1. Suppose every Lys and Arg Cβ carries +1 and every Asp and Glu Cβ carries -1, with no other charges. What dipole size does the chain come out with about its Cα centre, to the nearest 20 debye?
2. When semi-axes √(5λ) of the Cα gyration tensor in Å is calculated directly from the model, which label among (1) 42, 20, 16; (2) 34, 20, 15; (3) 30, 18, 17 fits?
3. Scan the chain and report its longest stretch carrying no GluC sites (Glu not before Pro) that are both in a DSSP loop and have at most 15 other Cβ atoms within 10 Å.
4. Going by amide H atoms built from the backbone, whose H comes under 5 Å of the H on Ile27, apart from near neighbours?
5. Modelling each spin label as a point 7 Å along the Cα-to-Cβ direction, I'd like the Lys146/Leu171 distance in nm, to one decimal.
6. Using the charge dipole of the range 23-203 (Lys, Arg: +1 at Cβ; Asp, Glu: -1 at Cβ; taken about the Cα centre), state which of Trp49, Leu107, Phe128 has its Cα farthest towards the positive end.
7. What does the charge count around Lys90 come to, taking other residues whose C-beta lies under 13 Å from its C-beta (Lys +1, Arg +1, Asp -1, Glu -1)?
8. Hey, if you put +1 on the Cβ of every Lys and Arg and -1 on every Asp and Glu Cβ in the chain, which of Leu137, Gly35, Phe88 ends up farthest toward the positive end of that dipole?
Amino acid sequence: MKNKPVHLKTYKDFKNQFGEIKKPCAIFVGPPGCGKGTQAEILKDKTKWTHISTGEILRKSDDEEIKKLMKTGKLLPDDLVAKELEKFLKKNKKSKGFIFDGYPRNLDQKYLFDEIIKSNDIKISAIFYLNVSEEILKERIKERGKSSGRSDDKDENVFKTRMKEYYTKTLPMIESMKNDENFVEISGDLSLEEASDKIEKHII
């Protein structure tokens, strides 16, 4: 007996018949200057997924409140960040997958993030934690400030503020993710190439 053809009129019909299709995503978390952006760019080139840097999205925002807060080094209100992220995802609906660079950054953002990816049919394929010592981070950010021209990278007080935010808000969130089957810790002792090779093995 031959299988009968299935007539699907809407995407809802498709999901009912075959199940929901979700786009994959990778998340890079860790302290400021750990190399999240660099590794995200490398992975983007290999996967052709869309690289999402909330920092870049916020720096390009026309919102005056966001511009003012960005100069202080403090984390922005979670609702503002989520709003800008939602806008970006809507503009990039056709992407094959997503790479989140440094987002979420705290437990409240994580709860919002879970809702955002659910509503946009996105699934987490990997969570990469780049674990680098504070001493190395400080030197990296100083060097980055010389080449990037970003004033916030050159200000040591901003670095101290960022690290305080990291220890009190971001690190507890990372700890909450460690039991996830997709959680992968990348040592700061690895070279750029070694780290990217390890990341690639979990995605490609």
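1. Dipole size: approximately 1060 debye.
2. Looking at semi-axes √(5λ) of the Cα gyration tensor in Å for this model, the match is (2).
3. That gives 21-180 as the longest site-free run.
4. Amide H to amide H, under 5 Å and 5 or more residues apart or across chains, Ile27 pairs with Phe100, Ala126, Ile127, Phe128.
5. In this crude label model, Lys146 to Leu171 measures out at 2.9 nm.
6. So the residue we want is Trp49.
7. It works out to a net charge of +2.
8. After comparing all options, I get Phe88.
Values in this text are rule-based calculations from the coordinates and carry no lab data. Note that this is a predicted model, so its numbers are computed, not measured. Using ideal geometry, Cβ is built from the backbone for each residue, glycine included, and neighbour counts are taken over all protein chains shown.
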